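Below is one structure, written out as structure tokens; the observations come after it.
The values are calculated or read from the model by the stated rules, or taken from the named source; none is laboratory data. This is a predicted model, so every value here is computed, not measured. Quick reminder, even Gly has a Cβ in these numbers, built from the backbone with ideal geometry, and neighbours come from all protein chains shown. What goes into the accessible areas is simple: the full protein's heavy atoms, side chains included, and nothing from ligands, DNA or RNA. Shrake-Rupley method; radii C 1.70, N 1.55, O 1.52, S 1.80 Å.
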Amino acid sequence: MSASDTSTHALGGRETSPRGARAERLNVEQASYAYSPGADAAPTFTLTATSFQAHERELVAILGPNASGKSTLLRLISGTIAPLSGRVELDGEETSRLDVRTRAQRIAVVHQESPMVYPALAGDFVLQGRYPYGRALRFANKEDIGIAHNALAQVGADHLAGRTIGELSGGEKQRVILARALAQQPRLILLDEPTLHLDIGAQVELLERLRQLAQENRYAVVVVTHELALAAEFADQVVLLQHGRCLRVGTPAAVYQRDLLEQVFEAPLDVEVGPAGRPRVNVRARRGEDAT
Amino acid sequence: MRPLTVRRLLWICGGLAAVLLACVVLALKLGAVPISVTDLVWNLGRVAIGRSDQLPTEYRLIVFDLRLPRILLGILVGAALSVSGASFQALLRNPLADPFVLGVSSGAALGSILALIFAPQLPFVTPLGAFLGAMATIAAVYFLGRRGGELDSTTLLLGGVISASFLSAIIMFLMTTLAGRDLRGMVFWLMGDLSTPVPPGLRWIFTMGLLVGIGAIYSTSADLNLLLTGEREAIHLGVDATRVKLVVYVSASLLTALAVSASGAIGYVGLLVPHAMRLLFGSDYRVLIPASALGGAIAIVLADTLARTVVAPTELPVGAMTAMAGAPVFIYLLRRGMR
């Protein structure tokens, strides 16, 4: 793949977007970042200039193997770190410049589950999503409780409200964590490897639900994942990263090319076109290749 | 869903305050000279209507000059220690954190001893030295407890235990080399003892410091709830984590320092009481902080009453009582957490 190839994709901007009708939510423009152990030390990891846009009702997958810069890009988008160069804007405002409370009203971040120190009821956990709207000690009012119930209902988990988080299954827990994100009433939802501890049924259910929620609530959804097959099936747009470089941005059909994916993921793969025009990826074992 | 309401909060606090009042009456009644409850209520009533001059002299001496100040000190110290325990538990995300276990109490004790040695003429020197000692110790333990950028529970506790024994060794060294001091009094103070009243000039500062410290921590209790689920998550939910951690860290050190400078290193209250309150009322810090303050006061008043009466007329240091009750609970929690 040539350098010019990368740049045309990377700069492929607003005007060529096939979904011009939808309002643009997130604009990542030539954003870069570098981690250094000290002020004068050489950076140990660099994310080179990356650009893509996410519109409302759109699901974008950030795809790449481990240590490709996915989490760094997610942190840049969430505004926890500011880009060294370029811009990350949500509805025209730079995410890293928003104060922490406003940011929480606009961006919800769902991480891989974190261990709970003390047991909490799922309902109370979802109510935490109302924190950025409350004052002082944040006693929940009727509106907060209504929104939390609604959020649980949207992920099909109303019946879990009275259970403690610890006794939920992986899929149920993930739904409750997602409900907390919905209770924040954000414009953008970021998910970091949300399918990691889920079985395949729960993975499909989660991604279908995300697509549906993005439609209903006009969110933009950005999912960080290394699940090639799931991204191909559910993403509107794919951002492909490797070693801190953004290689391609585009629809799954445009990005999923066998040579490219094999090189990025360092695994022998088959890519075919499925019935809906979406690519299908299969892992191919190396055995008996010479026999064919 | 069972969100916390102001009503529920007030019921819990009211209930605990009633229990505390009962404990105070009991503590006033029991002792080397027993006093009947009727007399006590009668005389307290006289004081309340401003007729304290009608009190019999021995009453005034025993109840109002000896027992009551000691009980009030116990209330303040108990509240301070258990609130700071609950705060450290949230800050370090570790249910076993406690100012005594983490070595913060020893740091405060060493700080106040050093301050007494080097600058005995300065005002407020013991609480100030204790505060600096407490801050330095918790900072040291925090950095000892980090492993690869993350706080590691086991390393943190080991760091605390090792700091505590290191600091105690220095205290022992100072105490034995500095001849001419009242060694038995010092040993009592180190074990935690309420028999020395706070000097009258310091009483207001002491009380205000405790109230400000507890108030500052309480103002962050909604943030602490979120910090307990993880710092990263809390930031994404809109918590200004750096500010909250600083406020709680300084306030909790202040509370420990004031408690230690007044009554020595009373152990395990900060561990035992918040844990009991969590079992009773849940782990929401908006309840847990006031409940721990009242519960800590109850625990110390009861423990000190026991310390005064079990082997009367000899008195035990109250720290011995709390350690006897607290150490087994600590081991129980540790073993349960390991499973």
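Taking only the range A:102-121 into account, find how many residues are facing chain B (nearest Cβ under 7 Å), surrounded by fewer than 22 Cβ atoms within 10 Å (Cβ to Cβ) and under 16 Å from B:Glu231 (Cβ atoms).
5
Select, from B:Ile205, B:Ile214, the only residue that is more than 9 Å from chain A (Cβ to nearest Cβ), touching a residue at least 24 places away in the same chain (Cβ under 8 Å) and closer than 21 Å to B:Thr137 by Cβ.
Matching residue, one of B:Ile205, B:Ile214: B:Ile214.
Give the number of residues within the range B:115-127 that are in a helix (DSSP H, G or I) and without any contact (Cβ under 8 Å) to a residue 24 or more places away in the chain.
4
Looking at the range B:1-25, which of its residues are away from chain A (no Cβ under 13 Å) and in contact (Cβ under 8 Å) with a residue 40 or more places away in the chain?
Of the range B:1-25, the ones away from chain A (no Cβ under 13 Å) are B:11-25.
If the condition is that a residue be away from chain A (no Cβ under 13 Å) and in contact (Cβ under 8 Å) with a residue 40 or more places away in the chain, then B:Ile12, B:Cys13, B:Leu16, B:Ala17, B:Val19, B:Leu20, B:Cys23, B:Val24 are the ones that fit.
Name, by its number, the condition in (1) more than 8 Å from chain B (Cβ to nearest Cβ); (2) over 21 Å from the mean Cα position of the chain (by Cα); (3) of a type in the set (A, V, I, L, M, F, W, C); (4) farther than 20 Å from A:Gln174 by Cα that does not hold for A:Leu98.
A:Leu98 satisfies every listed condition except (2).
When the residues of the range B:238-266 are filtered to those that are of a type outside the set (A, V, I, L, M, F, W, C) and without any contact (Cβ under 8 Å) to a residue 40 or more places away in the chain, which remaining residue is nearest to the other protein chains (Cβ to nearest Cβ)?
Here the answer is B:Gly238.
Among the numbered criteria (1) under 28 Å from B:Leu279 (Cβ atoms); (2) crowded, with 19+ Cβ neighbours inside 10 Å; (3) within 11 Å of chain B (Cβ to nearest Cβ), which one does A:Lys173 miss?
(3)
Quick check on B:Gly45: is it open to solvent by less than 40 Å² (accessible area, probe 1.4 Å), away from chain A (no Cβ under 14 Å), over 17 Å from the mean Cα position of the chain (by Cα) and modelled with pLDDT under 90? Talk me through it step by step, then tell me what you get.
Details: open to solvent by less than 40 Å² (accessible area, probe 1.4 Å): yes; away from chain A (no Cβ under 14 Å): yes; over 17 Å from the mean Cα position of the chain (by Cα): yes; modelled with pLDDT under 90: yes.
Here the answer is yes, as B:Gly45 does meet what is asked.
So which residues in the range B:130-152 are in contact (Cβ under 8 Å) with a residue 60 or more places away in the chain and either touching a strand residue (DSSP E or B) at 6+ places or on another chain (Cβ under 8 Å) or farther than 13 Å from B:Thr256 by Cβ (or both)?
Matches in the range B:130-152: none.
What's the number of the condition B:Ser87 fails, among (1) part of a helix (DSSP H, G or I); (2) open to solvent by 20 Å² or more (accessible area, probe 1.4 Å)?
Just one mismatch for B:Ser87, condition (2).
Name the residues in the range A:3-54 that are among the polar types (S, T, N, Q), at pLDDT below 50 and open to solvent by less than 60 Å² (accessible area, probe 1.4 Å), would you?
Those that are among the polar types (S, T, N, Q), at pLDDT below 50 and open to solvent by less than 60 Å² (accessible area, probe 1.4 Å): A:Thr6, A:Ser7, A:Ser17.
Is it fair to say A:Ile165 is over 28 Å from A:Leu63 (Cβ atoms) and surrounded by 18 or more Cβ atoms within 10 Å (Cβ to Cβ)?
Yes: the conditions hold for A:Ile165.
If a residue has to be more than 10 Å from A:Ala122 (Cα to Cα) and either among the hydrophobic types (A, V, I, L, M, F, W, C) or open to solvent by 20 Å² or more (accessible area, probe 1.4 Å) (or both) to count, how many in the range A:176-192 make the cut?
Qualifying residue count, the range A:176-192: 10.
List the pairs whose first member sits in the range A:122-146 and is at the interface with chain B (Cβ under 7 Å from one of its Cβ atoms), whose second member is assigned to a helix (DSSP H, G or I) and of a type in the set (Phe, Trp, Tyr), and whose Cβ atoms are under 7 Å apart, counting only residues at least 6 apart or on separate chains?
A:Arg138/A:Tyr131
Only residues that are in contact with a Phe, Trp or Tyr (Cβ under 8 Å, 6 or more places away or on another chain) and of a type in the set (Gly, Ala, Ser): list them for the range B:229-260, please.
Answer for the range B:229-260, where residues must be in contact with a Phe, Trp or Tyr (Cβ under 8 Å, 6 or more places away or on another chain) and of a type in the set (Gly, Ala, Ser): B:Gly238, B:Ala252, B:Ser253, B:Ala257.
Given the criteria within 10 Å of another protein chain (Cβ to nearest Cβ) and in contact with a helix residue (DSSP H, G or I) (Cβ under 6 Å, 6 or more places away or on another chain), does A:Ala151 qualify?
no
Somewhere in the range B:154-163, is a residue surrounded by fewer than 22 Cβ atoms within 10 Å (Cβ to Cβ), in contact (Cβ under 8 Å) with a residue 60 or more places away in the chain and not polar (S, T, N, Q)?
Yes, the conditions are met somewhere in the range B:154-163.
With the checklist (1) more than 14 Å from chain A (Cβ to nearest Cβ); (2) at pLDDT 90 or above in hand, flag the one item B:Val318 doesn't pass.
B:Val318 satisfies all of (1) more than 14 Å from chain A (Cβ to nearest Cβ); (2) at pLDDT 90 or above except (2).
Can you pull out the helices (runs of 4 or more DSSP H) entirely within the range A:183-292 that have at least 1 residues that are under 13 Å from A:Gly64 (Cβ atoms)? Break it down stepwise before answering.
Working: elements: A:200-217, A:228-234, A:252-255, A:258-265.
Per the criteria, A:228-234, A:252-255, A:258-265.
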